[in-house]
Amino acid sequence: MQTQLGSAVFPRLLRRSLSYIPSILYSLHWLLNLFHFFRFLSNSSPQSQKHKEMASPFLSNTIISFSSSLSSSSSLPRLAPSIPFSAIRSKSTPRRILTVRSKIREIFMPALSSTMTEGKIVSWVKSEGDVLSKGESVVVVESDKADMDVETFYDGILAAIVVGEGETALVGAAIGVLAETEDEIAEAKAKAASKSGASTPSAPPPAPTPAAASTPAPPKSTPAPAAPTVAEGPRKTVATPYAKKLAKQHKVDIESVVGTGPYGRITPEDIEAAAGLSPSKKNVGLAVVVETKPAAPAKAPAASAAPSSLPPPVPGSTVVPFTTMQSAVSKNMVESLSVPTFRVGYPVTTDALDALYEKVKPKGVTMTALLAKAAAMALAQHPVVNSSCKDGKSFTYNSNINIAVAVAINGGLITPVLQDADKLDLYLLSQKWKELVEKARAKQLQPQEYNSGTFTLSNLGMFGVDRFDAILPPGQGAIMAVGASKPTVVADADGFFSVKNKMLVNVTADHRIIYGADLAAFLQTFSKIVENAESLTL
């Protein structure tokens, strides 16, 4: 019985095993095709070109088949037709030769802040011919608020300096040229020379040439265009304020003077000519310009009228141009005039604050840190005072309370920002403030450390100033001006008098988004926090 069972099972197992042979052969067929395919790829790579050239000549006519020898005796289908190697690597196909060309790159004036339009080169850390590495400091640039190191983004050689120390350049302008190799230094210097030549204005336009001044015919015909400016019949006398002052001083009938300014406006030069006075040197130079440019007689008087509206400089005075920081401050202050603002003042009792200050002063806490912390806690309860309006059509509730504090430094004013002042404890806030002041005085503040404020605090109490008004910075909703804390006689509800320390706080706010009731409620909250000063340490 066992013999019969074994004889029946063995043929069945044999037939089943034989049925797996086509699958095994098919798998081997796949593996062999993959082997030939990857071998073909490795032979066609650039690294194997030398090996191919050294191979025997018959390889060019060899047929590479993607089917194994088993396919000839079996019915398995071919995966791909046989491809001659010569068809794949045809000599008619041109070989692409990749060449790496070196580059000459420019070092641009970066925008170190959102308000920066130009920068001043303080000093070049590297000199021409120095080898630079990526991330290495190359030049120190003075922005509108700080001096910052500018790094290079590439390796190379500093071939030429386009903008020297003490000179200014617009944001995005080339200030230096970087070469990759020594062979390109000459080409880079030529490129730098063309850049500097294009940036300097040409001499002929501002200064008249002698040939133009020597032509007598056109100047004689220049009085003709001035005739239409004199209207027939009654006319309204138009004169500059300084011209009126000169006419009264020299007793000149201003009605009888014919103006040479724009649209017949009477200028100070006209009054001096009517009074028989010799014009100043500045005016004589302008008159020469008018005579040498007869083609545009209307523009020359306009140019002379603009400076004449200013009073003459005081003898012995010195004109000092704005620094980059002073220019930025001036621009911001003029821009703030377009915002409708109003001011609210509030007296705050500071006895508790003064006592807390004496307690925490040995630990390095400043009065500025105490006031910033109190303002931040009050802003958390009145988010509308922390909002801002930038486009005149909508306003933004700022998610962070960033207190900007005005600091006077040498040559300007800057506002370091205590970010998230409501979330920091008093001691950490004071430590952060000291670090910001040190960086501000060294002009090393990063842009996010002075342009991210949502509310500004200006404190002049340490100078004994009792009250003052602050100008609203652009892009913010309010600014607080804090005066000195002084003893003040106060009467209580029962009519008893006492002496308490009080300081006057004035807040200037944007009336488009903040109203009087909002500001009054904020100042009441601020006063309660200061009067309960122990809450600042929680």
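The values are calculated or read from the model by the stated rules, or taken from the named source; none is laboratory data. Since we're looking at a predicted model, the values are computed, not measured. Reconstructed Cβ throughout: ideal geometry from the backbone, glycine too, with neighbour counts over all protein chains shown. Remember, those area values only see protein heavy atoms, side chains included, never the ligands or the DNA or RNA. Shrake-Rupley method; radii C 1.70, N 1.55, O 1.52, S 1.80 Å.
Observations, loosely collected:
- Residue ranking by accessible heavy-atom surface, 1.4 Å probe, largest first, among Phe395, Phe455, Phe38 comes out as Phe38, Phe395, Phe455.
- Pairs with C-alpha atoms separated by more than 23 Å, drawn from the list Lys390/Lys528; Lys103/Lys134; Lys390/Lys439; Lys361/Lys432, are Lys390/Lys528; Lys390/Lys439.
- For the range 500-537, backbone nitrogen atoms closer than 18 Å to the point 7 Å from Ser394 Cα along Cα-to-C-beta are found at 512-514.
- The simple spin-label model puts a point 7 Å past each Cα toward its Cβ; for Val499 and Asn532 those points are separated by 2.9 nm.
- Spin-label model distance (nm) - Val489 vs Val258, 7 Å beyond Cα toward Cβ: 7.2 nm
- In this structure, Ala517 and Ser123 have a Cβ-Cβ separation that, at R0 = 51 Å, corresponds to a calculated FRET efficiency of about 0.45.
- R0 of 35 Å, Cβ-Cβ distance Glu167-Gln431: FRET efficiency to nearest 0.05: 0.35
- Annotation for Tyr154 and Ala408: the two label points, set 7 Å from Cα along the Cα-Cβ direction, are 4.7 nm apart.
- Descending principal axes extents, the range 338-536, alpha-carbon based, whole Å: 51, 39, 31
- Relative contact order computed over the range 338-536 (Cα-Cα under 8 Å; 6+ residues apart), in percent: 32 percent
- Thr324 contributes an accessible area of around 30 Å² to the protein surface, as traced by a 1.4 Å probe with all chains present.
- Heavy-atom accessible area ranking, 1.4 Å probe, most first, across Ile471, Ile414: Ile471, Ile414
- Short-range pairs are left out: with C-alpha atoms under 8 Å and at least six residues apart, the relative contact order of the range 126-169 is 43 percent.
- Temperature 10 °C, viscosity 1.306 mPa s: under these conditions the Stokes-Einstein estimate for the range 105-195, based on its Kirkwood radius over C-alpha pairs, is 122 µm² per second.
- The 1.4 Å probe gives accessible areas that order His382, His511, His29, largest first, as His511, His382, His29.
- Rolling a 1.4 Å probe over the heavy atoms of the protein chains gives the range 338-536 an accessible area of 47 Å² per residue.
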